[in-house]
1. Residues of segment 65-113 being among the small types (G, A, S), touching a Leu at 6+ places or on another chain (Cβ under 7 Å) and in a helix (DSSP H, G or I), which ones?
2. Any chance you could count how many residues in segment 15-50 are in a helix (DSSP H, G or I) and over 20 Å from the mean Cα position of the chain (by Cα)?
3. Among the listed residues G114, G124, G73, identify the single one that is within 28 Å of the chain's Cα centre (by Cα) and either on the phi > 0 side of the Ramachandran plot or loosely packed, with under 11 Cβ neighbours inside 10 Å (or both).
4. Being under 30 Å from M34 (Cα atoms) and polar (S, T, N, Q) is the filter here; which residues of segment 44-99 pass it?
5. Does K45 satisfy the condition of being within 30 Å of T17 (Cα to Cα), touching a residue at least 40 places away in the same chain (Cβ under 8 Å) and basic (K, R)?
Amino acid sequence: MAAILKKTVAVEDVNVTFEDQQKINTFARNTNRMTEMKDEIEARKKSLQNLEDASDDIMMFDDNSLLPYTIGGVFISLSQDETQEMLETAKDGLKEEIQTLEGRVTSIKEVLAGLKVQLYAKFGNNINLEADES
């Protein structure tokens, strides 16, 4: 039988101050917020893709018949040109929202990077700030 060698690592006691706990809490909140924003970005990108598909489908129509368009919970009938304009306006709005959310994610990443440096400097291997990829 093979003997299993275990390496024991002495965990040094590190006092967690109130400020350290606040940094840890801030890190956790920002990580959750960033995850939610990334999910929102993906949802908006999917909506944008749907609008682009609808715009492409409308271009295939030959006649200038009225097309149904949803605003909120109401369907209205618009001409092909008016529908294209409405779709373009909606796409532009989604693109702006995506850019805004991506900017927020970038700023949160910067905050998280700073907090990681501070927390790893104090706690070393005693703290895990890496996100689970499960």
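Since every read-out is calculated from the coordinates, none of them should be taken as a lab result. In this text the structure is predicted, and so the values were computed from the model without any measurement. Counting neighbours? That spans all protein chains shown, and the Cβs are built from the backbone with ideal geometry, glycine included.
1. Result: A90, single match.
2. Total satisfying the criteria: 7.
3. G73
4. S47, Q49, N50, T89, Q99
5. Considered against the rule, which asks whether it is within 30 Å of T17 (Cα to Cα), touching a residue at least 40 places away in the same chain (Cβ under 8 Å) and basic (K, R), K45 comes out as no.
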